[in-house]
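Data first, discussion second: the structure below is written as structure tokens.
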Amino acid sequence: MMLCSYAASGPGSPQHEWLTRDLASVDRRRTPWLIAVLHTPWYTSNRHHPMSEGARMREDLEPLLLAAGTDLVLNGHVHAYERTHPVARGGLASPPESGITHITVGDGGNREHFARPWEPQQPAWSALREYAYGWGTLELNESHAVWTWLRNDDPWNPPGGRIGDRAVLER
């Protein structure tokens, strides 16, 4: 599902109504994975682009995504990398299966360089965050989704291996 961070998202808006209809039509036997893509992150510990930027959209649409059992949200906007543990309603999901993993992969490279700084304390819901340019791959089968984040080979990245993160989601 591709969602627009810059369009109205509240009840009664075209985006909210479309998403409600679209999610209601999903047959999880035929569509094992629900993945949403949007621009502005709902969960970020980046001070340059704080959570307040996506808060209204999260308040409007997150309940729909949670009720449908959405598995993953991919977004960009922040010129850095961050992956969450499963989250819901502004914090860690309890139990974890009731939440959604969010991945901010807005780090493909940009003349503006990295979005700095991070919040001084990494929130409990933030699994990994890093200033590095990179890109990701997502491999899916009926039971597993494997996300791999790869750092670009460039002088701005910190030392370390090419693989910066790997997460496995299970259905």
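The values are calculated or read from the model by the stated rules, or taken from the named source; none is laboratory data. Small disclaimer: the values here were computed from a predicted structure and weren't measured. Positions of Cβ are generated from backbone atoms using ideal geometry, with glycine treated the same way; all protein chains shown enter the neighbour counts. Please note that ligands, DNA and RNA were not included when accessible areas were found on the heavy atoms of the full protein model with its side chains. Shrake-Rupley method; radii C 1.70, N 1.55, O 1.52, S 1.80 Å.
Quick notes
- Counting the residues of region 102-129 that are modelled with pLDDT of 90 or more and either closer than 16 Å to ASN75 by Cα or of a type in the set (Gly, Ala, Ser) (or both) gives 9.
- Selected residue (criterion: farthest from TRP33 (Cα to Cα)) from residues of region 44-65 that are aliphatic (A, V, I, L, M) and open to solvent by 30 Å² or more (accessible area, probe 1.4 Å): MET51
- Residue list for region 156-171, restricted to those being in a strand (DSSP E or B), of a type in the set (A, V, I, L, M, F, W, C) and open to solvent by 50 Å² or more (accessible area, probe 1.4 Å): ILE163, VAL168
- Annotation note: Cβ proximity below 8 Å between a residue of region 66-89 that is in contact (Cβ under 8 Å) with a residue 60 or more places away in the chain and a residue that is of a type in the set (Asp, Glu) and not in a loop (DSSP other than H, G, I, E, B) (sequence gap 6+ or interchain) occurs for HIS77/GLU53; TYR81/GLU130; TYR81/ASP165; ARG83/ASP165.
- Yes/no for TRP33 being at pLDDT 95 or above, open to solvent by 60 Å² or more (accessible area, probe 1.4 Å) and not charged (D, E, K, R): no
- Evaluating TYR81 against the criteria (1) within 27 Å of SER143 (Cβ to Cβ); (2) open to solvent by 20 Å² or more (accessible area, probe 1.4 Å); (3) within 16 Å of the chain's Cα centre (by Cα) leaves one unmet condition, (2).
- Each residue in region 121-136 was checked for being over 14 Å from the mean Cα position of the chain (by Cα) and of a type in the set (A, V, I, L, M), and 2 of them qualify.
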